[in-house]
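Down below is the structure, laid out as structure tokens.
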Amino acid sequence: MNKPKGTYDVTTNGSTWLYLEQVFYSLCANYNYQYIRTPIFETSELFHRGIGEGTDIISKETYDFTDKGKRNLTLRPELTAGIVRSYIENKMYADSNKPHKFFTFGPAFRYERPQHGRNREFYQAGVEVFGIKSALLDSEIISLGYNYLKFLGFENIIIRLNNIGNNIMRTKYKETLLAYLSKHQAELCQDCQVRMNNNPLRVLDCKIDNPKSVIQDAPSILDSLDEESNKYFNDLQIHLEMLDIPYVVDEKLVRGLDYYTDTVFEYIIDTDKIGNQNVVGGGGRYDNLVSTLGGPDTPGIGFSFGVDRIIEILSLLNVNPTEKSLIDVYLLGINNNIDSYLLTIADALRMSGFKVEIDFSNKNLSKALKNLKGQPIRYLAIIGEDEINQGKIKLKDYQTTEEYTIDGNDLIKFLDEHCHQKD
Ligand code: HAM
């Protein structure tokens with residue numbers, strides 16, 4: 001039996017996955033975000049109302065099913081709508097201490113054509129923040145994502161940035177855009193010829209082959225912004241410049257989900273190695289989504305990274321973010337009589353935060369040592385009856401071959417001073 005098309009097993013690169021997840025968690029904790037996790041399936045209606053009927057995600061890509069109770073359910077195609085549902089259902093908006101800042105990590109499902117960096121089950125790492133609308137907050141969020149990518153070792157990061165205004169400005173812009181697209185209707189792809197009438201913004205976001213010039217020469221949404229949105233957008237850019245964040249204003253960036261208002265952005269890794277899949281993350285403001293889904297008027301903003309895509313690009317660029325994690329102490333017993341003694345040492349060291357491995361091979365000493373060659377070991381402890389009787393441990397620095405004889409009671413103190421990995 002094979003795995004379903006568009007899915008994958010995490011096997012040999014499992015430690016990279018864990019590392020990416022852990023770094024994301026600890027970075028978000030430094031920004032004072034709280035962990036949130038919501039169900040993998042929700043009512044279909046949530047996504048239809050939240051993301052928008054006219055989007056590709058809803059019209060073509062959802063995994064919908066009916067359960068035995070005849071409920072219409074959908075595997076989440078993204079994480080934002082579920083978090084907003086939870087925010088409303090659990091009345092989290094009632095906490096007057098704003099903003100309410102969350103981070104999350106988990107799978108999402110879209111029925112897309114699988115290719116490098118595009119899967120049907122994929123993982124997102126994201127943040128969602130509610131209750132405040134400010135350019136300062138927007139820049140904090142954009143910088144969090146940027147710092148994550150930098151921390152992982154990416155160098156050519158570009159942030160595409162735009163402001164798509166509020167509903168009133170967008171309605172005005174849609175009319176201008178529709179008038180322009182009508183003149184070029186025959187040049188557009190089949191889908192866009194229909195799309196342009198329902199939601200002309202989606203034409204700017206079309207992944208198929210509309211002529212580049214038609215999109216490039218389309219009117220700019222920035223010309224439809226009012227004074228307030230213009231100032232907001234300028235303030236955001238001033239903050240990003242202060243933080244030395246490399247962004248470009250892309251006035252055609254509208255994003256593929258309908259819930260956005262004002263700020264929108266995408267994280268790009270500037271490489272030609274992965275075609276169009278170099279967009280590793282995206283997000284924006286959604287100041288109407290909480291009210292659209294039945295909550296009180298509450299501004300919101302967030303982004304999501306595509307974690308599989310990040311991993312794929314890291315590997316294509318030969319960037320390895322995980323340091324080889326050293327085993328602090330490798331315990332080698334010279335015969336089976338001391339197995340339980342080995343276990344107690346391993347237990348005490350592990351509970352004190354050290355990474356410990358025991359030799360389970362029962363081979364003779366020279367074979368066991370041969371077997372260890374090339375392993376990432378900090379100290380090797382070879383233990384026999386003599387050591388047990390004297391209450392001493394002999395440690396050999398595996399890199400320098402220097403040897404130390406240490407009183408058993410001082411072992412943890414010694415390792416505390418000599419192993420930098422302990423945290
Ligand atoms: P999105 O742009 O649809 O936004 O997805 C975010 C990221 O998920 C993309 O930039 C991409 O890296 C990754 N991604 C999307 N589809 C796939 C796929 N089929 N395979 C692999 N990776 C994929 C959202 O999902 C919004 N909920 C983001 C957001 C959060 N906006 C506000 N808060």
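Any read-out appearing in this document is the output of simple, stated calculations on the displayed coordinates, not a laboratory observation. This structure is a prediction, so every number in the text was calculated from the model and none was measured. Using ideal geometry, Cβ is built from the backbone for each residue, glycine included, and neighbour counts are taken over all protein chains shown.
log10 I(q)/I(0), Debye, Cα-only the range 209-331, no solvent, q = 0.10, 0.11, 0.20 Å⁻¹?
-0.48, -0.56, -1.32
So what's the range 254-309 giving for Cα Rg divided by 2.2 N^0.38 Å, two decimals?
So the Cα radius of gyration is 1.35 times the expected 2.2 N^0.38 Å.
Calculate, axis by axis, the spread of Cα positions in the chain along the three principal axes, and write the results as whole Å, longest axis first.
Largest to smallest, the principal-axis extents are 90, 50, 47 Å.
Which net charge results for the neighbourhood of Phe130, defined as the other residues with beta-carbon distances under 13 angstrom from its beta-carbon, given Lys and Arg at +1 and Asp and Glu at -1?
With Lys, Arg at +1 and Asp, Glu at -1, the neighbours total +2.
State which entries of Lys3/Lys70; Lys367/Lys396; Lys370/Lys396; Lys60/Lys212; Lys60/Lys183; Lys150/Lys207 exceed 20 angstrom in Cα-Cα distance in the structure shown.
Among Lys3/Lys70; Lys367/Lys396; Lys370/Lys396; Lys60/Lys212; Lys60/Lys183; Lys150/Lys207, the Cα-Cα distance tops 20 Å for Lys3/Lys70; Lys60/Lys212; Lys60/Lys183; Lys150/Lys207.
What net charge is computed for the residues neighbouring Tyr404, neighbours being all others with C-beta under 9 Å from the C-beta of Tyr404, Lys and Arg scored +1, Asp and Glu -1?
-1
Would you mind counting up the charge near Arg71? Only other residues with Cβ under 14 Å from its Cβ, with Lys and Arg at +1 and Asp and Glu at -1.
With Lys, Arg at +1 and Asp, Glu at -1, the net is -2.
If neighbour count is taken as other Cβ atoms inside 10 Å, put Met196, Met1, Met242 in order from fewest to most. Walk me through the numbers on the way to the answer.
Details: Met196 22, Met1 2, Met242 10.
With the sparsest Cβ surroundings first, the list reads Met1, Met242, Met196.
Which order, highest average first, do 310-316, 165-171 follow once you tally other Cβ atoms within 10 Å for each residue and take the mean per peptide?
310-316, 165-171
For a test of the definition: using alpha carbon positions, the gyration tensor, and the 1.5 limit on a/c, classify the range 278-353 as rounded, prolate or oblate.
Oblate.
Got the relative contact order for the chain handy, in percent, Cα pairs under 8 Å and 6 or more residues apart?
Values: 697 pairs, mean separation 65.1, N = 423.
Reported as a whole number, the value is 15 percent.
I'd like the Kirkwood hydrodynamic radius of the range 1-157, using the inverse of the mean 1/r over distinct C-alpha pairs, in Å.
Averaging 1/r across every pair of different Cα atoms and inverting gives 17.5 Å.
Across the range 193-245, how large is the tail of the calculated P(r) beyond 13 Å, expressed as a percent of all Cα pairs?
Here the long-distance tail beyond 13 Å is 70 percent of all Cα pairs in the range 193-245.
Do any GluC sites (Glu not before Pro) in the range 142-230 lie in a loop, going by DSSP, with at most 16 other beta-carbon atoms within 10 Å of their beta carbon, and if so which? If you can, show how the numbers build up before the last one.
Details: sites: Glu155, Glu175, Glu187, Glu227, Glu228; in loops: Glu155.
Passing both the DSSP loop test and the Cβ count: Glu155.
Looking at the range 316-371, which chymotrypsin sites (Phe, Trp or Tyr not before Pro) are in a loop (DSSP not H, G, I, E or B) and have at most 15 other Cβ atoms within 10 Å?
Values: sites: Tyr330, Tyr341, Phe354, Phe360; in loops: Phe354, Phe360.
In loop regions of the range 316-371 (DSSP not H, G, I, E or B), the sparsely surrounded chymotrypsin sites (Phe, Trp or Tyr not before Pro) are Phe360.
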